[in-house]
Every structure is written in C-alpha cells, then in structure tokens.
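Take a look at the structure set out below.
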Amino acid sequence: MTSKNTKRFEDVRPGEALPELAVPVTVTLINGGAIATRDYFPGHHDADAARALGSPHVFMNILTTNGLVQRFVEQWAGPEAVFRSLKIKLGAPNYPGDCMTFSGSVTQLDADTRTVEITLGGKNSMGNHVTGTVAVVLP
Amino acid sequence: MADPQLLSDARALVGRQYGRVYAWDEVNAPMVRQWCEIMGVDNPVYTDPAFALGTRHEGLIAPPGMLQVWTMEGLHANNYPPGSTDENPYEVLKIMEAHGYLSTVAVNSELTFTRPVRMGEKLYYTTRLDSVSDEKATALGTGFFVTLVMSHFAEKASGDEPVGELLFRVFKFRPANAQAPAKVEAAPAKPKRPLPGVSDDTRFFWEGCEKGQLLIQRCTACQTLRHPPAPVCIECHSFDWDTVQASGRAALYSFVVMHYPEVPPFDYPNPIGLIELEEGVRLIAGLVGVDREQLQIGQRLQVEFQTFDDQQTLPMFRPVDA
Ligand SMILES: [Zn+2]
C-alpha cells in the first residue's frame, strides 16, 4: 500500500533498497491491464490468438508493465512523489501462473532538484521481465 | 549482410515528423479508476478529489504510467479520432519487412514527464523517427534497432503545452533460429541453455567437463596443443592426437559483457571471457564472481565447473589472486 506520507528527500540514503514487491501474474491481470490501457492486441487477451503467435498463453503488455513499475516505486516514495521519468527495458515475457518480483535501490540523488533515481528490476521464473530506472522528485 | 539499399531507404526517413494523433477522450476519472484498480495503484492523488486538493497538485492528476493510454485507438486498429494523421510512423518497419526482417520486439520504453497531466485535459502526440541503427547481430537474430520519439501535448486555448515524451525502441529482425511456432504447452516451460553440437572431434572436451577436467587436444606427432578441437594439427598436419588435462590456471586475454537483449535463461549482465590457459591455448568461457567494473586484461583466473539444467557441465572462470 502507498504510505500516506511522502518520503522527504533528506530521508533517502544512497543505495537504500526499496521493499520488494511480488506481483502474481494472472490471466485477470494481463487481460485487465491490457483493456485498462486500451490495448486490444489479441495476444494480451485471447489465449488462442497468443498460441497462434507461438506463445504458451496470453502475455503482459508494455503499458501494464509501466503501471506496475509505477506502483512499485510509488508505494515506497509516497503519494506526492512527482514522476520525472520511467524508463524500462523489456526482457522475458510475463505469462499467467508466474510471479514477478520487483527489487530496486536508490542509485542517484540530486539535491538541487530533489530528484531520486531508482534502478529496478522485475524478475519472473525465466529472468528479468523488466529492468529500468525511475526518477521522482520528493518534497 | 543487409542490402545497402535497405539501410539507405530506412535512413532517408530518419528525422521525419509524423502528424498528430488525438485522444478520443479527455483525461477522465473512470479510466483512471479502472487503471488504478487493475495495477494495484492506491495513491489517492489519482482518485480522491478531497485528498488531491490538499496536495501540491491542488487537484486530481492522472497516473504518469497512463501517459500513452489516452491516445490509444482502442478496439479497432488504427481507428483514431477525427483530425488525427493518417501517416504511419512505423512505415520504416515496412521497408525492413520487404527485405525479410519480419519479426518485431519492443526493447525500450522511456517515458519522461514534463509535468503531471490533470483531469479534464485533452492530449495528442506527434511522432519523430529518431534513429535506425546499423545492422546488429543479437541472440534473438539479426536486424535493426528503430527508435521513435512521441511528444505528448495538452491542448490549451492559450497555446498547447508539452506534458511528456515517450522514446520507444523496437528491434526489427530475422530470427536467429527460425522455428515454426513451437509446440503449444499449457504452462511456460523454463527455458534451458542451448546444448553444444558434439562431434567425434569435440566429444572428449564435453566428457572431460562432466568429470571436472579441462582437456586440451594435443598432437601426438609434434606435441602442439590446440583449441578449439580440430581433426588435424595446424603445425605438422598429423591426424594423431590425444589430450592433456589443463591445470585450469589462466589469464583474462579479452572479454565482453553482454547486456541486451536479455535471453532466458542467462543472467545479465553476462560477462564472457577470452581466456588464455597457462598451457598457452585460448578458449571462450563464462566468467563468474566478477565485478564488471573491475575486470582487467591479464587478470588471473581459475577454472571451475558448473552444471546447468542437470544436463550440461561447462567450464567457468573465476578471478583469483595472482
Ligand atoms: Zn603436430
């Protein structure tokens, strides 16, 4: 859950680890995420279509991955952290029945702009589904 | 090798600007609520007007991760709102497809936010073809990295305001090992490491690995060592050979660190060494226990053996003190 209190820039230490977040990958999450991001590509909601593409099942779309990355960082940073960037590289697909666990740590602090950079990864049973950096401005 | 015409046709489009794509709807609470629900985002600054009023934003804002959502076409492909461009910002990919580069995989999505998007704003974006890479060989196959930049704006009577950008990169490629869509499985199988092709010339090496021995081929006529294994001595052309067990002491002759694209089941960054054994021959093997910032040419290494997927034992090299 997102803390009610936003972290203050002064409270963040270089190298500080974010609490891990395990996200069970379900058909509901993949379908619901695709539709909530208005992505109707069949491979994200139609298992037969996904199999015809050579995938074992429906697979998560990028915009859902973005949402989950936002959640992972926001739950740590608090409600008034302002996102400056959300940059990801995509790796192994997320299929139903798997679990993606996010981990991350603070890799840069800029006192002038009160910006914190977090480097993170979301790993499933096949490897990293996503790696990347997020920059947020803290009060 | 790529047809030079392909690259020049593709590069001719670099820098091209593509027209506006409008949002069907203004930024609205129902879409935000649906998105927050499924993502598990519970920050009230997106959904609770009273809370949002008391924040630095002084009102509801949209989740930053939703930036692209507002301008998506929805159920019907390419069904964009009236006034949107009918140009195709992905036309460069069609050129590559015409040359047999049929597969596409998204590799990077980089969102940068100029300012939060507020409830009720109406967005659009324009696209610029940013770059087309040289032909690259990757674990997935051979092809081109194509980078597009989508600049997002909020419509304002007083002049439209930039709200953020998306840098989107795809890899357009010919698959390395083109296979018919694999057999359908109910659950994703954990990928295994590819097995080496074993021949009569190389079998001794892999069998040695299984016994924890690093075996090097030796010409029995002139005693010259050789690796990788081959049927004939490069010095005296003799076909006669046996093997010697290497000590496993070695030095790092050169190395590369594989970063991307990440192919299961390998861990990344993946450091690979060109390793010179103290017996004088070189081989390529994975490096373990290394900090890639600390890798030094000439660094001392020692072999160890790791078994992967219960079926393949490989020599790996770990730094040791000189
Ligand atoms: Zn010889």
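Of interest is the spacing of the C-alpha centroids, which for the stretch B:218-288 and the stretch B:1-66 amounts to 50 Å. Out of B:A176, B:A12, B:A157, any idea which swings most in a Gaussian network model of chain B, alpha carbons joined below 10 Å? Its mean-square fluctuation being the largest, the pick is B:A157.
In the protein assembly as shown, the DSSP-assigned H stretches of four residues or longer account for a calculated mean residue ellipticity at 222 nm of -4500 deg cm²/dmol, using -39500 (n - 2.57) per stretch and the full residue count as denominator.
Over the protein assembly as shown, the hull volume per residue, using the convex hull of the C-alpha atoms, is 180 Å³. In chain B, the DSSP beta bridges split such that about 95 percent are antiparallel, to the nearest 5.
With contacts taken as Cα pairs under 8 Å at a separation of at least 6 residues, the stretch A:48-139 carries a relative contact order of 30 percent. Each 10 Å bin from zero up to the one holding the largest Cα-Cα distance in chain A carries the following percent of pairs: 13, 40, 29, 14, 4, 0.
Using heavy atoms of the protein chains and a probe of 1.4 Å, the accessible area assigned to B:W241 is about 80 Å². As a calculated quantity, the FRET efficiency between A:T28 and B:Q296 at R0 = 35 Å, using C-beta atoms, amounts to about 0.10.
If you plug the beta carbon distance of B:I234 and B:D42 into 1/(1 + (r/R0)^6) with R0 = 56 Å, you get a FRET efficiency near 0.25.
The residue list B:V107, B:F171, A:T64 was ranked by how far each Cα lies along the charge dipole of the protein assembly as shown toward its positive end, using unit charges on Cβ atoms, and A:T64 comes out on top.
Taking a Cβ cut-off of under 15 Å around B:V290, the surrounding Lys, Arg, Asp and Glu residues balance to a net charge of -2, with basic ones at +1 and acidic ones at -1. Other residues lying with their Cβ under 15 Å from the Cβ of A:F72 contribute a combined charge of -1, Lys and Arg counting +1, Asp and Glu -1. Of the peptides B:95-105, B:195-205, B:58-68, the order by per-residue mean of other Cβ atoms within 10 Å, starting with the highest, comes out as B:58-68, B:95-105, B:195-205. The calculated FRET efficiency for the pair B:Q17 and B:Q311, based on their C-beta separation and a Förster distance of 51 Å, comes to about 0.45. Seen against the Cα atoms of chain A and their longest principal axis, helix A:62-77 is set at about 30 degrees. Within the straight-line cut-off of under 16 Å between alpha carbons, the aspartates and glutamates reachable from A:K4 are A:E74, A:E80, B:D42, B:D48, sequence neighbours fewer than 8 places apart in one chain being disregarded.
Take each residue in A:68-77, count the other chain C-beta atoms within 10 Å of its C-beta, and the mean is 4. Across peptide B:256-266, the average count of Cβ atoms from other chains found within 10 Å of a residue's Cβ is 3. Grab the other residues whose beta carbon is less than 10 angstrom from that of A:S125, score K and R as +1, D and E as -1, and report the net. Local net charge: +1. Considering only B:E155, B:E235, B:E293, the Gaussian network model of chain B with Cα springs below 10 Å gives its largest mean-square fluctuation to B:E293.
Counting only alpha carbon atoms, the long axis of helix A:27-36 and the longest principal axis of chain A meet at about 70°. Largest mean-square fluctuation among B:V132, B:V232, B:V256, in a Gaussian network model of chain B whose springs join Cα atoms under 10 Å apart, belongs to B:V232.
For the residue pairs A:K87/B:K136; A:K123/B:K192; A:K123/B:K211; B:K94/B:K122, the C-alpha atoms sit more than 28 angstrom apart in A:K123/B:K211; B:K94/B:K122.
Peptide A:32-43 is shielded by partner chain Cβ atoms: per residue, an average of 5 of them sit within 10 Å of its Cβ.
The values are calculated or read from the model by the stated rules, or taken from the named source; none is laboratory data. Everything numeric in this text was worked out from a predicted model, so none of it was measured. Backbone-built Cβ (ideal geometry, glycine too); neighbour counts: all protein chains shown. Accessible surface is based on the protein model in full, side chains and every heavy atom, while ligands, DNA and RNA are left aside. Shrake-Rupley method; radii C 1.70, N 1.55, O 1.52, S 1.80 Å.
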